[in-house]
1. Identify the single condition in (1) at pLDDT 95 or above; (2) at negative phi; (3) within 13 Å of ligand 1 (Cβ to nearest atom) that residue 248 does not satisfy, given that it satisfies every other one.
2. For the range 261-291, which residues satisfy the criterion of being away from ligand 1 (no atom under 15 Å from the Cβ) and over 20 Å from residue 238 (Cβ atoms)?
3. Taking the range 381-422 on its own, how many of its residues are touching a residue at least 12 places away in the same chain (Cβ under 8 Å) and under 24 Å from the mean Cα position of the chain (by Cα)?
4. Pick out the one residue from 226, 278 that is modelled with pLDDT of 95 or more and more than 13 Å from ligand 2 (Cβ to nearest atom).
5. Here's a check for you: in the range 282-295, which residue that is among the small types (Gly, Ala, Ser) and within 27 Å of the chain's Cα centre (by Cα) is farthest from residue 397 (Cα to Cα)?
6. Specify the residue that is nearest to residue 296 (Cα to Cα); the eligible residues are those in the range 358-374 that are crowded, with 16+ Cβ neighbours inside 10 Å and of a type in the set (S, T, N, Q).
7. Checking residue 356 against (1) farther than 30 Å from residue 232 by Cβ; (2) modelled with pLDDT of 95 or more; (3) not β-branched (Val, Ile, Thr): exactly one of these is not met. Which one?
Amino acid sequence: MATITIAQASCADDYDPDSMPVAKARAFIFQFLEPVRSTLRLPIRSALGRVLAEDVVSPVDVPSHRNSAMDGWAVRSADLDAAAQTTLAEIGASFAGRPYGGRVGAGQCVRIMTGGVVPEGADTVVMQERAKANATSITFAPGQKPGQNVREAGEDLARGSIALARGRRIRPAELGLIASLGIGEVSVYRPLRVAFFSTGDELKSVGTTLGEGEIYDSNRYTLHGMLTRLGCEVLDMGVVRDDPALLERAFREAAANADVVITSGGVSVGEADFVKPMLAKLGEVVFWKIAMKPGRPLAYGKIGGAHFFGLPGNPVSVMATFYQFVRDALLILMGAHPVEPVPTFKAVCTAHLKKAPGRTEFQRGILTPAADGSWTVRPTGEQGSGILKSMSDANCFIILGDATGNVAAGATVDVQLLEGVV
Ligand code: AMP
Ligand code: MG
């Protein structure tokens, strides 16, 4: 691994010489990420959410036979009159799974259902809405195109071709696709183990009573949710007090047992004072002031073989930094390639937004469909980084770039979806 040094990580942007732009911090982190190597074979259902460790090569043609895309009649295009009705004798039927078996000769047609094998001799299917059944013959409307409504064997996927490439995350569509090839097991990368704990003397776990000045720890719950949805194996190490000896023990244990260590709290300027020298002893960690809101303080580094993300303490900052830095980093480590970008697009903002230039803001927004089919967005209300309700009410981030100032109602803004991100 390359050596991370504070000097490398320090940076200047146009606004605050001490703060690190989001994109630069992402790029810095990503250069140190080596995907896991070990693999396991799983029955396909159990592979949902995992990442393919080898290409899935199709052992068959898909579809396996030339078949009909419609309910109708299989005909020879040479028999059809382009300009006038044509009547052909019906000689049999081909249903999905029950082929006709014979040959269609001149002047003949075969009743066919969607998925039915197109019989020999026939090259075209006329949909039933364009035909009229008589006692023993069928009359077809003019204007049929040769070859229409026929799906060729191997048209979707030829035998021997790559159906799914290594690095693809397995979603429901991939499960079905793999099954459609008759494959029952796939090779996937082993899951990533992620250990996490919250830091802070003020934190209590749910189920206990709060003393004066204490609050319930919520970050471990949002982290549990985000990590679980990403398909990581989680190791919840609870709350660790702001005590150097206890923190050191927790970091050592976490790094020894996981691929990735995530903490919340303790990385802001005042609090990092005793965390910094302790982590310097255990590994290589850089502490940044990121030019973003929420989520200004952030630490990244390696402790032994484990990657370390020191997220801020504020609950919204934890989620914002997770989405902007940790999500993609974990996917890279999981072997996902390419990492699917989070859907980001433009929408008209219906409210005025307060914003200071010099940092990227991730305001919480609610996207709503407008009557004309376009989408508009409005902020959730108070944007404090401790207001977790703003994340819960939101379905997107409104991303306001470094240079942006206040936004007038009616202006177009960038929005990034939250659903489906993890
Ligand atoms: P810190 O970054 O440790 O200074 O924390 C910043 C703010 O986030 C403080 O108000 C903390 O009380 C709060 N905070 C830190 N950790 C948590 C947590 N796990 N759950 C809820 N709030 C937290
Ligand atoms: Mg703290």
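The values are calculated or read from the model by the stated rules, or taken from the named source; none is laboratory data. Please read these numbers as outputs of a predicted model, since none were measured by experiment. FYI the Cβ positions are ideal-geometry reconstructions off the backbone, even for glycines, and counts take in every protein chain you see.
1. The number of the failed condition is (3).
2. Within the range 261-291, 277, 280, 281, 283, 284, 285, 286, 291 meet the criteria.
3. In the first step, residues of the range 381-422 are kept if they are touching a residue at least 12 places away in the same chain (Cβ under 8 Å); the result is 381, 383-388, 390-391, 393-422.
From what is left, the residues that are under 24 Å from the mean Cα position of the chain (by Cα) are 388, 390-391, 393-401, 413-422.
Selection size over the range 381-422: 22.
4. Numbers: 278 fails: modelled with pLDDT of 95 or more.
Of 226, 278, the one residue that is modelled with pLDDT of 95 or more and more than 13 Å from ligand 2 (Cβ to nearest atom) is 226.
5. Going through the range 282-295, the residues among the small types (Gly, Ala, Ser) turn out to be 283, 291, 295.
Now drop any that are not within 27 Å of the chain's Cα centre (by Cα), which leaves 291, 295.
Working: 291: 16, 295: 13 Å.
Looking at the filtered set, the residue picked out is 291.
6. To start, the set of residues in the range 358-374 that are crowded, with 16+ Cβ neighbours inside 10 Å comprises 358-367.
In the following step, the residues that additionally are of a type in the set (S, T, N, Q) were identified as 360, 363.
Working: 360: 10, 363: 14 Å.
Looking at residues that are crowded, with 16+ Cβ neighbours inside 10 Å and of a type in the set (S, T, N, Q), I get 360.
7. Unmet for residue 356, out of (1) farther than 30 Å from residue 232 by Cβ; (2) modelled with pLDDT of 95 or more; (3) not β-branched (Val, Ile, Thr): (2).
Condition check ((1) aromatic (Phe, Trp, Tyr); (2) more than 30 Å from residue 168 (Cβ to Cβ); (3) within 16 Å of ligand 1 (Cβ to nearest atom)) across all residues:
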residue: 303; (1), (2), (3): no, yes, no
residue: 320; (1), (2), (3): no, no, yes
residue: 326; (1), (2), (3): no, no, yes
residue: 344; (1), (2), (3): no, no, no
residue: 361; (1), (2), (3): no, yes, no
